[in-house]
Structure formats: structure tokens, C-alpha cells
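Colleague: First the structure, which I've put down as C-alpha cells, then a few questions once you've had a look.
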Amino acid sequence: MIRTWLNQHWFVFILALKRLLSAPVTNLLSILVMGIAISLPAGVYTLMENLHAISGQTSISPQISLFLKQHATQDDIDHIRTKLTENKLVVHFQFISKDQALYQLQLDNGLNEVVQNLAHNPLPDAFTVDTQDVNTDAIDQLRTDMQTWPAIEHAQFDSAWAKRLEALLNFGRILILVLFTLLSVAIVAIMFNTIRLQILTRQKEIEVSKLIGATDPFIRRPFLYFGAIQGFAGGVTAWLIITFVLQILNDELQAIAGLYAMDLQLRSLEYGDTVSLLLFATWLGWLGARVSVANHLWQIEPR
């Protein structure tokens, strides 16, 4: 029984493939349009994921700088270390002594003569504190609390870039959702019209099939397979477009990254995202075919 059911579906699958290959140019153009439509939101999603990765690689992570008072003692420093260790929002921290900061300033900016002429070291001891990737309001509150610690002269958190990045990511998510919704409707409409034309060209064949006792599910099945295959092909096309575009962008990005001594590379869709993309595209093709068949098949009755 199961073998018979599998044989029927395999036969219908081969029949759908033959229909797809019977009009290669028309179907290829339809697949290309679907691929381009799917690649737009999927490409934006890929760029947003790469933005997250690049931001982490370039140390664009929530970080607070704590500048100690000039008269801060070793006990004050140890007390701050303890408080930072106990804070759940703190992922990592590093102590930078005033002597180390002055030496680093001398190396980075070539201010050797200026540093040597200083009567005393004007730089304070400091901590750099890496926090968890939470919303900027929570980090601002943490900075405010740190500012009240006795040995802290100034607690600094540059929240402007973090808020811009957060706003950009939120905008990207909304843009992806809107694009996916609109273009999904467009893909369903394309498949709806494609299947409608197929039903019209095979109207006589459908009438004969109904005369000899074929049920609606049996007649509907090849069209559903056709839509699913075309949707899957559109998903593969979208993946190829995204991969090709990222390769071009990577070639240009390497030249820019070399100027900043960084190793930046845009990654394509991961395995899970690729599978989701192909399944979603296949479902869109099937859905368009299902709606079209349900709308037109009942209108055809044998005379």
C-alpha cells in the first residue's frame, strides 16, 4: 500500500519535471524572477548578520571606561576589581595603570618628547569594562551606578554608536519583514498565474480525466508538485545570487580592510538559514499553485 502511494507520487513528480522542461525559457524566466524576489530580503538578512559579526570583530561591543581619581590607592583599585567581578552584567574588565597608559600614548602617537618634558603623569588609572550585549538603557544605568563609586572620577560610555547600531538593526529587521511579506505575496501571485495558464491549456485533458473517474486530488497533484519544484528552484537561484554578490563585495571589502589591518569577510548564509530559505521558497511555490488550483479546477467540468 505504501509502495503504491510512493510510486504514484514519484510518477507525478516526474510528470511535473517534464512539464517544467517542456517550456524551458518561460519557466526559467519565472524561476529567475522568483529567485531575484527571494534574494532581496534574504540578502538584507545576510548583510545584517554580517554586520553583527563585523561589529564584534572590530570591538564594537558595549564597553564602559572607568577613570579613577588621581589619589586612588591600591585598596581602591582592589575594591573596584571586586565590585566588577561580582557584577552580573560585566563580562570582562582590564586594569590600565597610569604609567601603562602614558607609555601607550607615547607609542601610539609619537609624543616621546612631549611625554619626557611632563613634570608628572597627568593620566589617571583606569578600567575598561566589557558588558553583556544588552540594551543601551541598561548599560547607561550601569554607568550611572559606577559613577557613584567613591574612587571613580568619571565613568564613560559612548552610547551614541550603540544606539545607532541598535536602531539600524531594528530598522533592518523591519525592512526584512516587510520585504519578505510583500515579495512572498508577489511570488504567490506569479505562481498563481503560471498554474492558471497551465490549467487553461490542459482544460480538455482535465475534462477527460474527470470523465474516466479521476478525483480532484489526483488532478491537482501534478500542479502542486510543479509549483513546489519551481519554488525550490527559485530558492536555489536566490542562494546563488546572494553567494555571487557577496563574493563581489568581498573582493572590494578586502581592499578596504587592508587599509585598517583588519581581516573582514562577508559570510554567506549558514546551513540552517539555507535550508530555511529553500523550504520557504518551496512552500511559496506550493501555496501559489494550491490557491490557483483551488480557484480554477472546480470551474472545469466534463460536458
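The values are calculated or read from the model by the stated rules, or taken from the named source; none is laboratory data. Because the structure is a prediction, the values reported are computed rather than measured. Glycine gets a Cβ as well: all are built from the backbone with ideal geometry, and neighbour counts include every protein chain shown.
Every residue, every condition in (1) touching a helix residue (DSSP H, G or I) at 6+ places or on another chain (Cβ under 7 Å); (2) exposed (fewer than 12 other Cβ atoms within 10 Å of the Cβ), yes or no:
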position	(1), (2)
LEU182	no, no
ILE187	yes, no
ILE212	no, yes
ILE219	yes, no
THR243	no, no
ASN250	no, no
LEU253	no, no
LEU278	yes, no
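Colleague: Out of THR237, THR201, I need the residue that is without any contact (Cβ under 8 Å) to a residue 60 or more places away in the chain and among the β-branched types (Val, Ile, Thr). Which one?
Modeller: None of the other options fit; the residue is THR201.
Colleague: Is it the case, given these coordinates, that ILE195 is touching a Phe, Trp or Tyr at 6+ places or on another chain (Cβ under 7 Å), within 19 Å of TRP286 (Cβ to Cβ) and modelled with pLDDT of 80 or more?
Modeller: Criteria met by ILE195.
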